[in-house]
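Okay, so here's the structure we're looking at.
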Amino acid sequence: MRKPFMGSVDSDENTSAASIHVAGVSVRFATDRWVLQDIDLSVIAGEIVALLGPSGCGKSTLLRTIARLISPDSGTVTLQGGNSARRSSDLAYVFQDATLLPWRSVWENVRLPLEIGRRLDSNISSTRLITEALLAVGLMEQDWRKFPRHLSGGMRMRCSLARALVTDPSVLLLDEPFAALDDMLRTRMNELLLELWQARSRTMVFVTHNIAEAIYLSHRIAILGQGKVAAWIENQLPFPRTRQLRSSMEFAQLFGQVSSKLAEVAT
Amino acid sequence: MNRPARGFGKSFQQAYLSLAVLVFVVMIWHVAVVLLKIQPIILPSPMRVASVAWAERAALAMAFLATAKAAFYGLGMSVAIGSLVAILFSQSARVRAAFYPYVIFLQTVPIIAIAPLLITWFGYGFWTVVKVSMIISLFPIISNVTAGLISVDQNLLDLFRLQRASKWQVLWKLRIPSAVSHLVLGMRISAGLAVIGAIVGEMFVGYGSADYAGLGAVMTQWQRLARTDAIMSAVVASTLLGITTLAIVNLSARLLLNRWTAGAGFEQE
């Protein structure tokens, strides 16, 4: 039994968020070029953590390590709770570009994870899952048969999000997901992401180099520098977050705090 | 939609230009033959070639169809065998390292040199011609499809890895679909080669049998009778066959494979 995507927020065993524990993780690319050095990081179930840092600080590598796309040279990554830490679809990853299969329509792209996980046993339920995921990201029925080349950048990104959500993962990892979009669209996608989180409260970790985005979306911000977590910044801004919040005093204060920390790390 | 129409108009215009060149060359040819009083056995005039082509239309049409059949079977076999080999290659870098040099070797062997061998092994007949055609047109399929299967976008591969897709799923749902456009590119090159292979094959094979006359066989016969004008009409027929084969490849790719090739970057030329 699977819960529909837009189901209510609950702590049901079947559909709960997972916590992430990264312990002593080091990754090196060349023999002596350490990208990550002895990183410890914990993300509580249902929390949103932003990984912020100058380019080349290893934030994407850290995310890929959490996703197990990279196996660390030392240290461990564990996922606890959620559906089952082993189940492949329990973790979804959103890439910087939409990474859609060009020969598949929107609908077929979103169906892909269900096909790979061999979870198409009952057509009706998979149709429902896909429909719900597409509607949740704001893709309307007239776009479902379109191919990626006929979609705008924002719509492609929505499709990519729907594909990540269709398996109802307990962890969502996002690697600079909206970096290629213009500011207006980026703001709208940020709001969409928050809406999705409020409906489900899944654990999210996202990489960004945009301070405003990091503040708007997160509970906590990890600032990375030279392969280490240089600082943690608690983000006490209340939920639900609105567009007005961006122009509030608290937001500006936090922005100043984050950017000065970032400047410290970068030098 | 506006764009295809405009694209068509443009290519139409380009077709006019190349047609003008053809007309010009044929005129020069005609004038040269008349003014220099060249013997028809050395170089017949275009008019003479045309009239011989008309007189021999039955033989030419039959030869055209016979060669077309051999070239299509040859191309079909290269596509089938070449794609299978490419799939094997895509599964292991070791297999590639071990066998790819021999595939290149296959490319460098002059087909004229092995045609007699093929006759020794397989006899005089249609299928020997098909084999020659296949061997000549195989390499572009193998190299293009292998490249297509291997050069898959890294993020897409990661997406499949994240879902713990099996090797089979990666092949079937990612590698093969993204290699289709490369297959079409390979087939465009191989289409012409398959025709060449069929004609070369017929020059050796068709020579021995009276009942089988492809363009290559017909040309060999006419050459022995010193019918230069008839040979030239067969050359024109061969060229038409090459163009027809390429057109059929392009058309069937557009009709059948559009989903995989659209937006792959080579449709606008």
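The values are calculated or read from the model by the stated rules, or taken from the named source; none is laboratory data. Everything numeric in this text was worked out from a predicted model, so none of it was measured. A quick note on method: Cβ atoms are made from the backbone with ideal geometry, for glycine too, and the neighbour counts reach across all protein chains shown. Surface accessibility is based on the protein's heavy atoms, side chains included, excluding ligands, DNA and RNA. Shrake-Rupley method; radii C 1.70, N 1.55, O 1.52, S 1.80 Å.
Counting Cβ atoms of other protein chains within 10 Å of each Cβ in A:94-102 and taking the mean gives 4. Which FRET efficiency, nearest 0.05, do B:R57 and B:W172 yield, Cβ-Cβ r, R0 45 Å? E between B:R57 and B:W172, to the nearest 0.05, is 0.40.
Please report the relative contact order for chain B, taking Cα pairs under 8 Å with a sequence separation of at least 6, and give it as a percent rounded to a whole number.
So the answer I get is 26 percent.
Geometric descriptor of segment A:142-231, per residue, is 124 Å³ (volume of the convex hull of the Cα atoms). Taken over segment A:148-194, the ratio of Cα radius of gyration to 2.2 N^0.38 Å equals 1.15.
Contact order for chain A, expressed relative to its length and based on alpha carbon pairs under 8 Å spaced 6+ residues apart, stands at 27 percent.
Surface composition of the protein assembly as shown: carbon and sulfur make up 62 percent of the accessible area, probe 1.4 Å.
Legend: residue pairs B:K69/B:K131; A:K59/B:K167; A:K59/A:K228, Cα-Cα distance threshold 21 Å; pairs beyond threshold, A:K59/B:K167. Cα convex hull, chain B: 161 Å³ per residue, rounded to a whole number. A simple count of charges around B:L174, restricted to other residues whose Cβ falls under 12 Å of its Cβ and scoring Lys, Arg +1 and Asp, Glu -1, yields +2.
Placing pseudo-labels 7 Å out from each Cα toward the beta carbon at B:L106 and A:L245 gives an inter-label distance of 6.2 nm.
For the residues of B:162-171, the average number of beta carbons from a partner chain within 10 Å of their own beta carbon is 5.
Close amide H contacts of A:L174 (hydrogens built in the peptide plane, cut-off under 5 Å, sequence separation of 5 or more or a different chain): A:V94, A:V205, A:F206, A:V207. The interface between chain B and chain A buries about 2100 Å² of solvent-accessible area in total (1.4 Å probe, ligands and nucleic acids excluded).
When the convex hull of the C-alpha atoms of segment B:118-207 is computed, what volume per residue in Å³ does it have? Present the calculation step by step, with values, prior to reporting the outcome.
Details: hull volume 8.1 nm³, N = 90.
Enclosed volume per residue, from the Cα hull, is 90 Å³.
For chain B, modelled as a GNM whose springs connect Cα atoms under 10 angstrom apart, the maximal fluctuation among B:A97, B:A194, B:A86 occurs at B:A97. Solvent exposure of A:S60, expressed as accessible area, is near 30 Å², computed with a probe of 1.4 Å over the protein chains only. Principal semi-axes of the equivalent ellipsoid, √(5λ) from the alpha carbon gyration tensor of chain A, are 29, 22, 18 Å from largest down. Springs join every pair of Cα atoms under 10 Å in this Gaussian network model of chain A, and among A:D183, A:D32, A:D40 the largest mean-square fluctuation is at A:D32.
Put simply, the protein assembly as shown fits an ellipsoid with semi-axes of 63, 25, 22 Å; these come from the alpha carbon gyration tensor as the roots of five times its eigenvalues, largest first. Accessible surface calculations at 1.4 Å, restricted to protein heavy atoms, place chain B at 57 Å² per residue.
Phi-derived couplings, Karplus 6.51 cos²θ - 1.76 cosθ + 1.60 at θ = phi - 60°, listed residue by residue for segment B:174-191: 10, 5, 5, x, 7, 8, 4, 5, 5, 4, 5, 4, x, 5, 5, 6, 5, 4 Hz, with x used for Gly and Pro. Take the Cα of B:L240, step 7 Å toward its Cβ, do the same at B:A147, and the gap between the two points is 3.4 nm.
B:F89: net charge of surrounding residues, Cβ under 13 Å, Lys/Arg +1, Asp/Glu -1, itself excluded? Around B:F89, the surrounding residues sum to +3.
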